[in-house]
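Novice: Just dropping this structure here.
Read the figures in this text as sums done on the coordinates, not as results from a lab. Since we're looking at a predicted model, the values are computed, not measured.
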Amino acid sequence: MASNKSLHAAKKTKKDEFYTRREDIENELSHYADHFRNKVVYCNCDDPVTSEFWQFFMRNFRPWGLKKLIATHYEPDEKNYAYMLEISEDTNGDGVVDWRDEPTITQIPCNGDFRSAACIELLKQADIVVTNPPFSLFREYVTQLMEYEKKFVIIGPQNAITYKEIFPLLMNDKMWLGYGFNHGDAYFRVPAESTGDYAAGVYNPETGLVHFRNCTWYTNLDIPKRHVRMDLRGNYYVGHEENYPKYDNYTAIEVSRIADIPYDYDGAMGVPLTFMTAYNPDQFEILGATESEGKGFSNGLWIVESKIAQGMIHGKRVYKRIFIRRK
């Protein structure tokens, strides 16, 4: 019989299980094909029996020229296994690389937790990691990818932009947002036993999907989207200062919509988190974020004497803001 600890772990895992749809994977990864040639891809939160990530890379293994595909997943109460699919070596010296149609199933001495020694050894083999990791462990997951200097395309909560472990990576151009879900609408399949955990309107019993507006894709692979310049023509600060009030407690102006970023203002501006979806490091510099998101994030823009870390305008608090400046 499983221990109480194992049962609690299993329950927590079920709440972290969001199965990504085929169409969403295809829509995002279609922009990255050139990065995958002759690369080892590791899906370390994916059961190949059910994972659309595994199926996607199976379909595209030869067209994209992958070298090797590996997948592992978490099972709280039993030993796990790794699926591996690869191009075999040219063993007969005829210059023809043979193709293994069936994946190799290899037992691994752990339960598939991405933090386990066995999974870390597989991670070391990988060039690119692609998956939908547990949101509750997102900080730890990204920290591990950075520690082992891995390239990645992963799904995560949009609010992770302001996590103290994540924001410095975004600010220093060590990771950025991908193309994102269509119109910002993310739909996931969930285990049947967890459907009752969601509020009305989030889970749709007809489709079997949950709907979130607070998820996005993160990557550190360079993509054309990063270099598209935002058109600021027609937005002017001079003569329209009333549209850009100054914060009571930050030395910056408020820009409540990224579409309204002024063309003629060179100082610090506070913008919504959605700015990161359009961030071009050649056009803008990220200065920091509101102090409430992590001590030291505002890089001196916060007026400490105010004693209020969240942005304020005429005494009213505004939601989380990122501070930027035009280059």
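Novice: Taking the alpha-carbon set of the chain, what are its Rg and Dmax in Å?
Specialist: 22.5, 77
Novice: Could you give P(r) for the range 271-327, binned at 10 Å from zero, as whole percent values over all Cα-Cα pairs?
Specialist: 23, 52, 23, 3
Novice: Pick from 316, 150, 124 the residue whose mean-square fluctuation is largest in a GNM of the chain, springs joining Cα atoms under 10 Å.
Specialist: 316
Novice: Related question: For the chain, with a Gaussian network of springs between Cα atoms less than 10 Å apart, report the residue from 21, 317, 139 with the top mean-square fluctuation.
Specialist: Of 21, 317, 139, the Gaussian network model singles out 317 as fluctuating most.
Novice: While we're looking at this one, here's another question. Ratio to report: Rg/Rh of the range 135-179, with Cα atoms as the point set and Rh obtained by the Kirkwood method; give two decimals.
Specialist: 0.90
Novice: Would you compute the Debye intensity of the range 182-254 from its alpha-carbon atoms alone, equal scatterers and no solvent, and pass along log10 I(q)/I(0) at q = 0.14, 0.24, 0.27, 0.28 Å⁻¹ to two decimals?
Specialist: Debye curve over Cα of the range 182-254, log10 I(q)/I(0) at q = 0.14, 0.24, 0.27, 0.28 Å⁻¹: -0.80, -1.07, -1.20, -1.24.
Novice: Considering only DSSP beta bridges whose two residues both sit in the chain, what percent are antiparallel, to the nearest 5?
Specialist: Percentage antiparallel, nearest 5: 75.
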